[in-house]
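Have a look at the structure below before the remarks.
The values are calculated or read from the model by the stated rules, or taken from the named source; none is laboratory data. If you're wondering where the values come from, they're calculated on a predicted model, not measured in any experiment. Because the Cβ atoms are built from the backbone with ideal geometry, glycine has one as well, and the counts that use them run over all protein chains shown.
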């Protein structure tokens, strides 16, 4: 994935697509920073983590831009999110996500909301990078509150 990202930067430079170049270079810089700071190899998992974090940050920025009535920045940020989303694995549908959550519930057999950590520990490797973890957390909390 990292090599694909580097090739995409070169292609964007050839196309003179400045927004794409800036966005992808920013992500590549974050990946390199994680690589250096955490002394870990650059793997697909690291790339997915960084891109997911970048998308999450941009979504939070959109909320702030809406408060400031900055439609120009909202539009630019949405384009960046769409661009970065192409480098993530295919996202799970709601039904697929619910099936995974149900199977983890059967496996863990939670008795109260105190079991949230156990459920997340089992579920995270299955869904990481394939869906919004905030949504996953909300679904699990809801299911736990109905026990």
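Checking the condition modelled with pLDDT under 90, surrounded by 12 or more Cβ atoms within 10 Å (Cβ to Cβ) and more than 19 Å from residue 4 (Cβ to Cβ), which residue from 73, 88, 92 passes? It would help to see each step written out before you state the result.
Numbers: 73 fails: modelled with pLDDT under 90; 88 fails: more than 19 Å from residue 4 (Cβ to Cβ).
Selected residue: 92, the only one of 73, 88, 92 that is modelled with pLDDT under 90, surrounded by 12 or more Cβ atoms within 10 Å (Cβ to Cβ) and more than 19 Å from residue 4 (Cβ to Cβ).
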request  = Please specify each residue of region 111-146 satisfying the condition of being farther than 26 Å from residue 50 by Cα and either touching a helix residue (DSSP H, G or I) at 6+ places or on another chain (Cβ under 6 Å) or part of a helix (DSSP H, G or I) (or both).
outcome  = 113, 114, 115, 142, 143, 144, 145
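Could you pull out the residue among 67, 114, 121 that is out of contact with any strand residue (DSSP E or B) (no Cβ under 7 Å at 6 or more places or on another chain) and within 25 Å of residue 43 (Cβ to Cβ)? Give the derivation first.
Working: 67 fails: within 25 Å of residue 43 (Cβ to Cβ); 114 fails: within 25 Å of residue 43 (Cβ to Cβ).
Among 67, 114, 121, only 121 is out of contact with any strand residue (DSSP E or B) (no Cβ under 7 Å at 6 or more places or on another chain) and within 25 Å of residue 43 (Cβ to Cβ).
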note = Residue hits (region 9-24; free of Cβ contacts under 8 Å to residues at least 40 places away in the same chain and touching a helix residue (DSSP H, G or I) at 6+ places or on another chain (Cβ under 6 Å)) are 9, 12, 13, 21
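Within region 30-42, which residues are free of Cβ contacts under 8 Å to residues at least 12 places away in the same chain and either touching a strand residue (DSSP E or B) at 6+ places or on another chain (Cβ under 7 Å) or not in a helix (DSSP H, G or I) (or both)?
If we filter region 30-42 for residues that are free of Cβ contacts under 8 Å to residues at least 12 places away in the same chain, which is where we start, we get 32-33, 35-41.
Across region 30-42, the qualifying residues are 39, 40, 41.
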ask   = Which of the residues belonging to region 50-96 are free of Cβ contacts under 8 Å to residues at least 40 places away in the same chain and assigned to a loop (DSSP other than H, G, I, E, B)?
value = 68, 69, 70, 86, 92, 93
